[in-house]
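What follows is a short report on a single structure.
No lab work stands behind these numbers, since they all come straight from the coordinates. Source: prediction; values computed, not measured. Virtual Cβ from ideal backbone geometry, glycine too; neighbours counted across all protein chains shown.
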Amino acid sequence: MGFSVDCSESARLSMHDTKTVDRNRLHTLHQREEKRFVSTHPRSAELYLRAQSSLLGGVPMNWMNKWAGAFPLFVKSASCAHFTDVDGHEYVDLCLGDTGAMTGHSPQIVAEAVARRAREGITLMLPTEDAIWVGEELQRRFGLPFWQFTLTATDANRFSIRIAREITQRPKILVFHYCYHGTVDETFVSLRDGVVGPRRGNIGPPVNPAETTRVVEFNDLAGLEEALKHHDVACVLAEPAMTNVGIILPDDGYWSAARELIRRYGALFVADETHTICAGPGGCTREWNLQPDILVFGKPIGGGIPGAAYGVTEEVAQRIAARLHLEDVDVGGIGGTLAGNALSLAAMRATLEHILTPAAFAHMIPLAGRFADGVAQQIRGAGLAWNVTQLGARAEYTFSAKPPRNGGESAAAGDFELERFLHLYALNRGVLLTPFHNMALMSPATSESDIDLHTRIFAEAAGELTA
Ligand SMILES: Cc1ncc(COP(=O)(O)O)c(C=O)c1O
């Protein structure tokens, strides 16, 4: 498979020494870090306490309670690759809003375009010329001719699924074990001993997702074919490389064979490039010539202003058109009053024209390589059986000797306790990692010194863990 340089085998850095982490030592160190966090963030603590009486769980959105530390940091301001909390500490942001701020925080050109548009009308339910500019640019980047806009990647995925069901007249979708595609009901599903059921933590599933979804492991062509053989799968919804259970790269030749199977069994391929856009300006679709039927791209598309897009092939466009009736277009389950609003489109245009450019990727991708090399060297030095994987502008370390090949393997290598300790250790020294796994993302504003700071902190933590 034609991986870009940064997605090649050489980027999979495997460690073979097997020093394990002593749990007592980990607990002692964690307690020390917890105390340090609480004592150095009194203002965040105070706001968190106050928030308990007006916000459910003390946070604006429930996953904000997952941050390492006794409470989430409250942010004062953010700019480029850094932010400052209400206690006056400055941080290097390697989480970047879990990709929503992959552009860096508030890029000036985007902020100016947004301010201008905010003065000239924010939302009208009528198109602006920016929408055409963005559609043409997405067409050029991804090769799909026709585009629609939503407010979130979740919605873009939901609408793609509806379209796939409608035009194939098939009831099910297929996803990979441990996928994440936003809060899409059909995707909160997992395999347990080969049986499909609700994923752990699935809150109030409307139906058992086994009714709506088939689940297979990534990189398993035989499993994929077996699931498609039922001829009831409308679409395979997939990230080209998995990024939400650690980074999992496709095996060489996987996608060309998988693509052929999906086509052979009459299903559609929906490529969710919301995170894998990190592979290049046209995502993995462009880098690896994936030829999806539908493509989804959200999060950083508007520099942090809510917005997402999905594009379709000529054939899909024709099949949709054949089934749409003007009188019913507003009640088909695809929509959103604020979708395609003027403000989102102005932000998308500025972001695509000036920020997420080929030149930006040429800066970001080597930085992710620097992160991966630096961390891998420290892992080797500490004799730990961990590894680092890179996908374009994103890199991640995993607590297993070899890079996992599928979601099941990656989840089995997870270590929540260890992860929280390492995140808190970094936070206490001025670096923010994503709360969900050990992912670091580069922005056009991230610098080598930002990466080197993380490497030094990681080295210190690994040293203390293994001393
Ligand atoms: C691959 C992928 N698709 C879709 C989404 C959903 O994005 P949003 O929460 O902005 O709707 C996410 C969120 O993490 C994601 O990782």
Practice problem: Would you mind classifying segment 32-86 by shape? Square roots of the alpha carbon gyration tensor eigenvalues, ordered a ≥ b ≥ c; an a/c under 1.5 is rounded, otherwise it is prolate if a/b is larger than b/c and oblate if not. | Solution: oblate
Practice problem: Mind putting a number on the dipole of segment 214-268 about its Cα centre? Charges go on the C-beta only, +1 for Lys and Arg and -1 for Asp and Glu, and I need it in Debye to the nearest 20. | Solution: 240 debye
Exercise. Just name one of 248, 134, 379: the one whose Cα is farthest towards the positive end of the charge dipole of the chain (beta-carbon charges, Lys/Arg +1, Asp/Glu -1).
Key: 379
Quiz item: Expressed as a whole number of Å, what is the distance separating the alpha-carbon centroids of segment 438-467 and segment 225-241?
Solution: 38 Å
Self-check item: Cβ-based charge dipole, the chain, positive-most Cα from 354, 122, 40
Solution: 40
Quiz item: In the structure shown, do any of 35/76; 66/229; 66/172; 66/299; 35/66 have a Cα-Cα gap over 29 Å, and if so which?
Solution: 66/229; 66/172
Practice problem: For segment 210-276, state which trypsin sites (Lys or Arg not before Pro) are in a DSSP loop and have at most 16 other beta carbons lying within 10 Å of their beta carbon. | Solution: 229
Practice problem: Out of all DSSP beta bridges with both ends in segment 120-258, state the antiparallel percent to the nearest 5. | Solution: 40 percent
Quiz item: Dipole of segment 94-219 (Lys/Arg Cβ +1, Asp/Glu Cβ -1, origin at the Cα centre): which of 201, 167, 152 lies farthest to the positive side?
Solution: 201
Practice problem: Indicate, rounded to the nearest 5 percent, the antiparallel portion of the DSSP beta bridges found entirely in the chain. | Solution: 65 percent
Self-check item: Segments 441-448, 306-313 sorted - mean Cβ within 10 Å per residue, highest first
Solution: 306-313, 441-448
Quiz item: In percent, what relative contact order does segment 281-438 have, based on Cα pairs under 8 Å that are 6 or more apart in sequence?
Solution: 14 percent
Quiz item: Against the longest alpha carbon principal axis of the chain, how many degrees, from 0 to 90 and to the nearest 10, is the axis of helix 23-40 turned?
Solution: 90 degrees
Quiz item: Under unit Cβ charges (Lys, Arg +1; Asp, Glu -1), what dipole magnitude, rounded to 20 debye, does segment 79-156 have relative to its Cα centre?
Solution: 340 debye
